[in-house]
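> Once you've had a glance at the structure underneath, I'll fire off some questions.
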Amino acid sequence: MIGVDEVGRGCWAGPVLSCASYIYPAKFKNLPKINDSKKMSKRDRRKILVSSSTFSKCAIGCSTVNEIENFGINASNDLAALRAVVLMIQNFNLITEKNLFFDIFLDGNRVPKFKMFKKLYDIIGKRIKIFCIVKGDTKVMSIALASVIAKETRDIIMCQQHEMYPQYNFKNNVGYGTKEHREMIIKCGITKIHRKNFKPISTIFCN
């Protein structure tokens, strides 16, 4: 049973990240408090990130800004999730028998179109069954953990981007469309990590 969640879907800048997480059954009784990442403080999320290897396996998949611009956000979101799941399953193969089957639980009600990425999907397609859970990050512990790991990992990436582009304040807005972010785009233009196919960038800043 693997939980999958993504972060960064609605951002104006930066990648979209997915995390696949598997919690060791023997650790369920003594788990730290885990919830939907949006309902946890940054301090608590960071504690989970640091300690997660003691009670779980996690794998990260990413779609780049170029992929988001070329494939669109839905396909890019699916690609990031598929990459995370493939990495997770390959991680299992390193230490256990190779004939395992996996239930994949995703947050939301949209079934991902994994099959469009045929070469990647063929690696795992016969070994997974997909379940979509509305508000899954509040109902399924492995999805909640995935949401926390994805959020904190992407925040770290955007803090690194802040060092390159400090005027956009990515360390605080992590690429989302805040008023300050919009004002700095108008003043300074866009960077290579801005999604040029996203509104309002596509309609205002890329004429």
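Nothing in this text is a laboratory measurement; each read-out follows from the coordinates by a stated rule. Predicted, not measured: the structure shown is a model, and the values here were computed from it. For neighbour counting, all protein chains shown are included, and Cβ atoms are generated from backbone atoms with ideal geometry for every residue, glycine included.
> Which of the residues that make up segment 170-207 are among the polar types (S, T, N, Q), under 21 Å from the mean Cα position of the chain (by Cα) and in a loop (DSSP other than H, G, I, E, B)?
Scanning segment 170-207 gives 178, 197.
> Go through (1) among the polar types (S, T, N, Q); (2) in a helix (DSSP H, G or I); (3) surrounded by 14 or more Cβ atoms within 10 Å (Cβ to Cβ) for residue 167 and report which single condition fails.
Status for residue 167: all satisfied but (3).
> Specify which of the listed residues (63, 21, 41) is more than 14 Å from residue 5 (Cβ to Cβ) and in contact with a strand residue (DSSP E or B) (Cβ under 6 Å, 6 or more places away or on another chain).
Going through 63, 21, 41 in turn, just one is more than 14 Å from residue 5 (Cβ to Cβ) and in contact with a strand residue (DSSP E or B) (Cβ under 6 Å, 6 or more places away or on another chain): 63.
> Now for a separate question. In segment 14-47, how many residues are under 16 Å from the mean Cα position of the chain (by Cα) and aliphatic (A, V, I, L, M)?
The number of residues fulfilling the criteria is 3.
> Please list, ordered by first then second residue, the pairs with beta carbon atoms under 6 Å, 6 or more apart or interchain, first in segment 142-160 and touching a residue at least 24 places away in the same chain (Cβ under 8 Å), second among the acidic types (Asp, Glu) and assigned to a helix (DSSP H, G or I).
Cβ pairs passing all conditions: 143/137; 144/137; 147/137.
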